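Take a look at the structure below.
Values quoted throughout were computed directly from the atomic coordinates according to the rules given, and no laboratory measurement underlies them. Please read all numbers here as calculations on a predicted model, not as lab measurements. Please note: Cβ atoms are built from the backbone with ideal geometry, for glycine as well, and neighbour counts cover all protein chains shown.
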């Protein structure tokens, strides 16, 4: 083994291998930072370039893209509240508050350094413990995977703060969205409204972009300042961050180990690992109350886990031939193209390739660190971008990210609808991050539950007896309920500490409907939605109806609680004074949304780049202060639209080869 490792080190020090690592890391960081282009799409985009390489180099390039894309996703998540990858959604919880406090540099450095630690831990596990960890992954059946997903959902109690019920409602909404389409187990066609485009369900990436990118950009319209966020450039930031991270050794190590362990579970991926690590970091933190408000630990934990997932996901791929993630599945295809069969015989038949690839992953981590250190100071300047350019630019990037994924205009419609609804929900304090959590984990949770139910019915006569007879599933069940108990205790403790405090008069404005009225309407919609799900479930098979009815029951419980709270006299009096929509600049909001709708409807007719140019021009004109002359506003808007469309065209059309609707010009 050691001879093979030494030979792999020497091979990777060749210029051609170092160049492959550098190109893959740069590409992955760039792709990860762009909304919509996840690690999976990045690996898929670069797969054709590896066909002419030798197998080790091709795998190294794909792994470099995979690893650096997970880090790159945190850049946009921190700076513009838009995760470049689904795993970076958790990073926003504390990364965005740090940016709004003028600490964008600090947040980016934490993400980079924590990601480096996680990447090294995952790569080390891949190198030294692959056979053992792969054998351990065989013990994870549907029961265990189901309870891992439930544990992630249980973390909502700690993620949603004082809005616990609404956080849980958000989770159920996210899970309910995964019910749309054909059921993977029973084959039932569910909640499709006779639209064949929903057979595969609601597309994940466009929905996530709508939840975060579109919703946060529409929220940006409410700010009075021209810049997206303040930025204070301090000297010695890197030293102070290294010092802060040195005090988080336990959190970093634990988060990295969790990320590696979750990565080994086929299908789990970075999203689950990030939320699990975040919840654990908050549980063991000395300052749990700082989470969600700009905690360094809240950024470090999910980023360490995200990058540790890469090494973990490659363990079952190399040892068993079972990909642990979507990116690993594409790498499985790359192995097949080169005539290499992943599995137990891989280490004996192609040890030189395997160990060269593993050592290359370490080089990728160091390349990611160097590139990040060089670019962070400049990338943090993005937050100084004026609103008149940031708003239309992010919306256009989100559109091309949604369309380019499947070359499907329907994905763009999903982006727009989900984004507008998510913005409305944020105004009534429903945390969109909990919706995203339910959306990410819902399909995995249902599939695992149905598989466990089938096995349990056959072997034990009951699903719950099946759970009870699997020690690991039972342990995970205890962990899930422990997380719930800890979250409830923390919420009760926080409420007791504020009972004697003077009641603040939280009034957002004098116009518009009250938060109480909005909550009552929202609760009513939840109850009606539950009734609709139960009504439709009558036509499903017995296996296909179980989970939808469970989701409907959750809507009834949480919707009923929310309705009761808002009908309570004391709560009603307080909530009745809050006007959540009073600060919305409806004129600009309607103009931007209207322009976005027109862009969506004309993309297929006029072409993407032509429609995008007109949208950028109109949006920039709308958001430019009226104090400037019309000629100046028009010149600025035209110049911005032309320059940005040119950059997007070169990056997406010429370099990344992402197809878009063709118009009169391009």
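Where does each of 207-216, 391-400, 519-528 land if you order them by average Cβ count within 10 Å, highest first? Write out the running numbers ahead of the final one.
Working: 207-216: 27.2, 391-400: 25.2, 519-528: 17.7.
Per-residue mean Cβ counts within 10 Å order the peptides as 207-216, 391-400, 519-528.
Region 274-295 and region 43-119 have Cα centres separated by 20 Å. The order of 460, 278, 413, going from fewest to most other C-beta atoms within 10 Å of their C-beta, is 460, 413, 278.
Across region 586-655, the convex hull enclosing all Cα atoms gives 80 Å³ per residue. Gyration tensor over the Cα atoms of region 391-461: the corresponding equivalent ellipsoid has semi-axes (square roots of 5 times the eigenvalues, largest first) of 35, 18, 8 Å.
Its Kirkwood hydrodynamic radius, worked out from the mean inverse distance over all distinct Cα pairs, puts region 177-223 at 12.2 Å.
Cβ crowding within 10 Å ranks 94, 539, 183, 429 as 539, 429, 183, 94, fewest other Cβ atoms first. Is the shape of region 512-581 best called rounded, prolate or oblate, per the rule: a/c under 1.5 gives rounded, else a/b larger than b/c gives prolate, else oblate, with a ≥ b ≥ c the square roots of the Cα gyration tensor eigenvalues? Prolate shape, in that a/c is at least 1.5 and a/b is the bigger ratio.
Taking other Cβ atoms within 10 Å as a rough exposure proxy, 653, 293, 388 sort from fewest to most as 293, 653, 388.
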